[in-house]
Amino acid sequence: MSGPRPVRAPRGSELSCKGWQQEAALRMLMNNLDPEVAEIPDQLVVYGGRGQAARSW
């Protein structure tokens, strides 16, 4: 087994879920881990309106 794989959030209008509500939730989670979007994806740090949303698992 190799090291961790980078998570890339899907872009565009193609669905990977059954509906747009599910797709929105999935994309929000995946954006938190996407190296192109997240502040510090390795530490799961996400900045929002109130500060850090996730610090560690």
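Distance between the modelled labels on Met30 and Ala9, one decimal in nanometres: 1.0 nm (7 Å Cα→Cβ projection).
Computed from phi, the 3J(HN,Hα) profile of region 14-28 under the Karplus parametrisation 6.51, -1.76, 1.60 (θ = phi - 60°) reads 7, 8, 10, 10, 6, x, 6, 5, 5, 4, 4, 5, 4, 5, 5 Hz, with x in place of Gly and Pro. Extension gain for Gln22 to Ile40 (0.36 nm times residue separation, less C-alpha to C-alpha distance): 4.0 nm.
Quick note: the coordinates plus some simple rules give every number you see, no bench work behind them. Quick caveat: nothing in here was measured; it's all calculated off a predicted structure. Please note: Cβ atoms are built from the backbone with ideal geometry, for glycine as well, and neighbour counts cover all protein chains shown.
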